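The values are calculated or read from the model by the stated rules, or taken from the named source; none is laboratory data. From a predicted model like this one, the values you see are computed outputs, not experimental measurements. Keep in mind that these areas ignore ligands, DNA and RNA; they rest on the heavy atoms of the full protein, side chains included. Shrake-Rupley method; radii C 1.70, N 1.55, O 1.52, S 1.80 Å.
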Amino acid sequence: MRQSLIVGNWKMNGSRAANTALIGDFVSCMAQLGKTDSDVKSAVCVPFVYLDQVGQLVNAESESPGAIKLGAQDVSLHVEGAYTGEISAVMLADMDCKYVIVGHSERREYHHESNFLVGQKALAALQAKLTPIVCVGETLEQRESNSTLAVIEEQLTAVKSIIGEKNLSRIVVACEPVWAIGTGLTASPEQAQEVHQFIRAQLGADADKISLLYGGSVKPGNASELFQCPDIDGALVGGASLDAKSFSDIVSAASI
Ligand code: 13P
């Protein structure tokens with residue numbers, strides 16, 4: 001069965017004090033909601049400098065209803081060596097990360113990350129036994145020119161050819177329409193389902209074992225309808241993951 005998964009992407013937000021408060025409040029909210037089942041996994045992908053701190057905070061809650069896994073937002077394709085400023089997958093594993101986001105549209109756009117590089121990063125993550133959360137998604141221009149599916153196919157094909165079909169069941173795919181990120185615009189459930197169904201069809205024999213997440217202005221108010229789509233297994237949440245109540249409500253919506 002596919003795992004429901006809700007991942008918070010904190011992006012470049014947080015401070016020691018804010019992180020402690022956010023994780024503490026999330027745990028309290030989850031306890032109040034009375035969710036004890038483990039049908040839904042949750043994780044937070046935090047800035048590198050806070051991995052140690054947030055790792056300790058989430059470890060302390062590993063048995064509580066607010067149990068949460070740790071992830072990072074990017075990774076180097078290199079294993080070690082003279083790559084100033086880079087962080088390797090082995091280092092992330094050493095910090096007890098379970099997940100790492102690769103190919104987020106903000107990295108593709110601001111750091112010119114290519115499909116090839118994203119595939120290499122996914123491979124580096126797998127080699128360190130991390131689960132890469134591979135992000136795909138179209139811009140508004142691409143949607144309006146009817147090239148959404150072609151763009152996504154190209155993004156996925158690069159990853160597939162680099163990691164190999166046999167490793168596909170070890171990844172998570174997050175589909176985030178670029179036009180829906182941080183804009184308050186969300187894909188309608190129909191739009192999202194169409195693309196997620198297409199993605200699943202691209203994922204080969206193990207497609208049914210792969211969690212597909214939707215991302216782009218997911219909020220408590222729209223989460224349930226998105227989670228009812230047959231090919232959506234969870235969400236990658238930006239802004240709303242910085243608010244404990246909103247994030248716990250989204251996790252809760254996935255467990256109904
Ligand atoms: P928002 O939820 O803020 O739109 O961000 C989505 C996202 O980019 C998550 O990776």
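Using heavy-atom solvent-accessible surface (probe 1.4 Å) with all chains present, what is the largest-first order of PHE227, PHE247, PHE116?
PHE116, PHE227, PHE247
When the accessible area of the chain is split by element with a 1.4 Å probe, what percent falls to carbon and sulfur?
Carbon and sulfur: 51 percent of the exposed surface of the chain.
Sequence-distant or interchain residues sharing an amide H contact under 5 Å with LYS69, placed H: which?
Under 5 Å from the amide H of LYS69: SER42, ALA43, VAL44.
Explain nothing, just the number: relative contact order of the range 21-140, from Cα pairs under 8 Å at least 6 residues apart, as a whole percent.
23
With a 1.4 Å probe and every protein chain left in place, tell me how much accessible area GLU61 has, in Å² to the nearest 10.
Number for this one is 50 Å².
Taking a 30 Å limit on the Cα-Cα distance, which of the listed pairs LYS166/LYS219; LYS160/LYS245; LYS11/LYS41 fall beyond it?
Pairs exceeding 30 Å: LYS166/LYS219; LYS160/LYS245.
Using a 1.4 angstrom probe and counting only protein chains, how large is the accessible area of TYR83 in Å², to 10?
Roll a 1.4 Å probe over it and TYR83 shows about 100 Å².
In Å², what does the accessible area per residue of the range 18-78 work out to with a 1.4 Å probe?
Details: 2780 Å² over 61 residues.
Averaged over the residues of the range 18-78, the accessible area is 46 Å².
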